[in-house]
């Protein structure tokens with residue numbers, strides 16, 4: 001591995017962490033393509049990304065706890081539900097046309113993004129200059 | 001109960017696409033479970049830690065985890081995460097939400113075109 005490759009991987013790692021801390025995501029969306037570019041197979045990249053996600057989210061969650069934003073019990077319920085969801089999803093994946101599913105999830109994300117934006121817009125202060 | 005449902009949806013999403021449990025969980029926590037924005041992102045992070053731990057075990061059993069590469073990107077990411085969470089506290093909630101909505105839209109486009 002060349003020095004520039006290492007530097008690039010580190011920079012992408014920092015970016016993934018920023019994304020994670022800002023938006024409460026794992027950062028896999030940057031980790032996986034980075035690891036693929038480093039020469040791992042798709043499955044290795046996914047497995048390795050999950051391990052890279054761990055310290056990232058643990059540091060983020062601990063920092064958020066200091067700010068009083070963490071609801072640990074809710075996280076436990078959410079996380080365990082998600083483990084079940086991953087298991088169910090892995091079984092379903094061979095039975096559902098993936099293309100249809102991608103489109104459905106894509107549309108779902110658009111709808112969610114729109115709802116978030118509209119909701120925030122409606123809540124804006126009426127007199128911004130006084131806020 | 002809502003939290004279980006949100007977790008299920010997020011889990012199915014990440015099983016299908018390999019990434020993105022948090023992408024689904026955060027907005028659903030805000031919209032469905034009425035979590036404040038920062039609380040939603042914080043809680044999502046800890047939930048991901050649980051899901052990712054289970055995932056690592058599964059992948060590790062099939063020798064599909066490279067610890068060296070994970071450290072190469074994961075350790076710098078902790079620095080980013082520290083900075084990102086600290087930065088998040090200084091940003092207006094509305095700005096944060098608009099940025100997140102943009103991120104969601106970008107991933108939606110990616111799902112539709114790829």
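Filter the stretch B:22-32 down to residues that are within 7 Å of chain A (Cβ to nearest Cβ) and within 13 Å of the chain's Cα centre (by Cα) and give me whichever is nearest to residue A:101 (Cα to Cα).
B:23
Among the numbered criteria (1) assigned to a helix (DSSP H, G or I); (2) at pLDDT below 95; (3) surrounded by fewer than 24 Cβ atoms within 10 Å (Cβ to Cβ); (4) at the interface with chain A (Cβ under 7 Å from one of its Cβ atoms), which single criterion is violated by residue B:19?
Result: residue B:19 passes all but (1).
I'd like to verify a number: residues in the stretch B:33-48 that are at the interface with chain A (Cβ under 7 Å from one of its Cβ atoms) and either surrounded by fewer than 23 Cβ atoms within 10 Å (Cβ to Cβ) or outside any helix (DSSP H, G or I) (or both), how many?
2
The values are calculated or read from the model by the stated rules, or taken from the named source; none is laboratory data. In this text the structure is predicted, and so the values were computed from the model without any measurement. Cβ atoms come from the backbone with ideal geometry, glycine included; neighbour counts cover every protein chain shown.
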